1. Using mean Cβ contacts within 10 Å as the protection proxy, how do 176-188, 33-45, 17-29 order, highest first?
2. Which log10 I(q)/I(0) values does the range 56-161 give at q = 0.13, 0.16, 0.22 Å⁻¹ under the Debye formula, counting every alpha carbon as one identical point scatterer?
3. Using the Cα centre of the chain as origin and beta-carbon charges of +1 (Lys, Arg) and -1 (Asp, Glu), tell me which of A161, L75, P56 is placed farthest towards the positive end of the dipole.
4. Toward the positive end of the charge dipole of the chain, about the Cα centre and with charges on Cβ (Lys, Arg +1; Asp, Glu -1), which of F29, S133, L192 goes farthest?
5. Report the equivalent ellipsoid semi-axes for the range 64-116 in whole Å, largest first, defined as the square roots of five times the eigenvalues of the gyration tensor built from alpha carbon atoms.
6. As a test of the definition: which semi-axes, in Å, follow for the chain when you take the square root of five times each eigenvalue of its alpha carbon gyration tensor? Largest first, please.
7. With just the Cα atoms defining each centre, how far is the range 53-128 from the range 133-204? Give it in Å.
8. If I model a spin label as a point 7 Å beyond the Cα along the Cα-Cβ vector, how far apart are those points for A153 and A70 in nm?
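Please treat every number below as a calculation from the coordinates, not as lab data. Remember, predicted model here, so these are calculated numbers, not experimental data. With ideal geometry, Cβ positions are generated from the backbone for all residues, glycine too; neighbour counts draw on all protein chains shown.
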Amino acid sequence: MNEIVVYRHALSGHAHRVELFLSLLEVPFRVVDVDLMAGAHKKPEYLSKNPFGQVPIIEDGDVTLADSNAILVYLAGRYDKSGTWYPRDALAAARIQQWLSVAAGQLASGPAIARFIKLFGAPLDYERAAAISEQLFKVLDEALAAQPFLTGATPTIADIAMYTYTAHAPEGEISLGPYGNIRAWIARVEALPGFVPMQRMSAS
Ligand SMILES: N[C@@H](CCC(=O)N[C@@H](CS)C(=O)NCC(=O)O)C(=O)O
């Protein structure tokens, strides 16, 4: 097995979801820290790996792949011997895809942007991010009332994609206080063997 290389930033939730999944799968990897503050991700060498100039990307032998959710799909297909993280069944896969879309949609434009504003001073619309977060967390909390993980009794890549920016929402001053089912789900994800946290930036 190749050692997978993950290009990341230590505070990127998108990158963390990749590191978390590799750790849960017990797939060996090493990280390369990309200095976003210095603009390393917009240099030609990095853009040749990901023309969007974003972290994360992975290199796995001669495969170079960008986009955190695409990477989760790839890793599950290639390295998950259990076949449970991204089942082939059409409906199960579609249910997971629904959450991957939410992770790239409302989770990114809500809690992730709120955190980006509060931690890094990004000049973006906090009220909008907070409103998206509230709507998202109501739906998420309700979805988790009926089952322990997002698509059923066992975790899938849907849970991995949704975990980091949800768990770190308080860093963006989005409280998880009202959402008991979400908090219980976070604890379940954090109890998975091989779980690795992302660095926290403030008491939350
Ligand atoms: N759709 C991408 C989004 C990745 C993303 O937004 N990465 C951020 C860090 S969390 C980034 O690299 N931002 C730098 C930029 O866009 O210039 C994914 O899921 O990997």
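1. Highest mean packing first, the order is 17-29, 176-188, 33-45.
2. Computed log10 I(q)/I(0) values: -0.57, -0.81, -1.15.
3. My answer, from the dipole projection, is A161.
4. Result: S133.
5. Semi-axes from the Cα gyration tensor: 24, 14, 8 Å.
6. Values for the chain, descending: 25, 23, 14 Å.
7. The distance from the Cα centre of the range 53-128 to that of the range 133-204 comes to 14 Å.
8. With each label placed 7 Å out from Cα toward Cβ, I get 3.5 nm.
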